[in-house]
Each structure stands twice: as C-alpha cells, then as structure tokens.
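Okay, so here's the structure we're looking at.
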Amino acid sequence: MEASPSTRVLVVANRTAATPRLVDAVGRRARAGPCEFALLVPDVSDRKAADWTLQTALPVLERAVRRPIEGLVGGPDPFQAVARAVRDGGFDEIIISTLPKRTSRWLRRDLIRRVEGLGLPVTAIVPREAGDTSADATLAVMGSHNTWAPNGPRSPWNPPSPGPRIGEDHPRGE
C-alpha cells in the first residue's frame, strides 16, 4: 500500500517560537494528517540569536509533533526569508507566529498579507495582549484571498471546539 503524501508546513517565528499558542497550533496540525515541519527564524541580524531560538524552540515543537523538525535561518528581511524558504523548500502551508500587535514589527510591515501573496494557505498566530478583548487577537489567512478569521483559523485541522481556541486565554486559577 502506498503511503499518503506528507504536507510540508513552514513555521515562521522568532521570539514566539516556543510559546504555548504556537506549540498548540503546530501540534493540532500534526494530529490532523501526515505532515513535515520546518521552523524558519527570519529577520535575524545575529546568527547566535537565531541559533538560540532554534535550540530553545525545536525540542518543544518536536515534542508536540513527535518527530524531528528542520531548523532554518533567514536573513535581515523577513519577507525575503519566507519567500526564499517557500521557493527552495517545497512547502504546502505556512504558519506565522508574531508578537502582539503593539510590539510586532512583522505586523507593522504587513508581513502576513505579503506572505499570503506567495499563494499558499497561511495561518497567523497573534497573541492577545493583557486586557485585549478585540476579535482579531488571532488571525488566519487561508489561501490567496483577503479573509481573516478572528479568534482562530477554521480549517480541516482546526474545527470549532467548545474549549479555548488559538489566541484565546485558557482559564487560570488566581
């Protein structure tokens, strides 16, 4: 029997590469069907910083997907790094994890919409800031269109659930 083809997923993150929201999203995607992951740390001016991010995040993400994840380092321009990785890596999907809106240079540079222009499905993980109740705490861009779904992507690997979704805070005791 022939094995089903594996979907290649490019995960784009830097300072958020080991955050629970991203780890949860990557784990859900892995459970949804056969896939391979690569973590791209773009927007780096210092190789040591990228290596630290990879050394910290890869083991956490690999535990979530229960398989090795390839580590990639981009250059100073995050869009160019993603475009190069897509061109050279044969990816089928992209997950981008950013800092909150107030502090994210990637969001100010419109990175998500620019990456969407590459023609692949894109899911964006944008964490809420303390006290932020806006509907756009997490955005998903699926395909090459301009629809952003608030509070979590709706795709085959992330159906609606009764519990908290990506971007929603989990209940915590005080």
Quick one: in the stretch 5-29, of everything that is among the hydrophobic types (A, V, I, L, M, F, W, C) and surrounded by fewer than 22 Cβ atoms within 10 Å (Cβ to Cβ), which residue is nearest to residue 106 (Cα to Cα)?
-> 18
Failed condition for residue 73, given (1) aliphatic (A, V, I, L, M); (2) within 16 Å of residue 125 (Cβ to Cβ); (3) at pLDDT below 95 | (2)
Options 43, 51: the member that is modelled with pLDDT under 90, surrounded by 14 or more Cβ atoms within 10 Å (Cβ to Cβ), part of a loop (DSSP other than H, G, I, E, B) and out of contact with any strand residue (DSSP E or B) (no Cβ under 6 Å at 6 or more places or on another chain) = 43
For residue 79, are the conditions met, namely being part of a loop (DSSP other than H, G, I, E, B) and either modelled with pLDDT of 95 or more or hydroxyl-bearing (Ser, Thr, Tyr) (or both)?
-> no
Mind checking which residues of the stretch 49-95 are in contact with a Gly (Cβ under 6 Å, 6 or more places away or on another chain) and more than 19 Å from residue 21 (Cα to Cα)?
-> 81
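The values are calculated or read from the model by the stated rules, or taken from the named source; none is laboratory data. Computed from a predicted model, the values in this text were never measured in an experiment. Note that each Cβ is placed from the backbone with ideal geometry, even for glycine, and that neighbours are counted across all protein chains shown.
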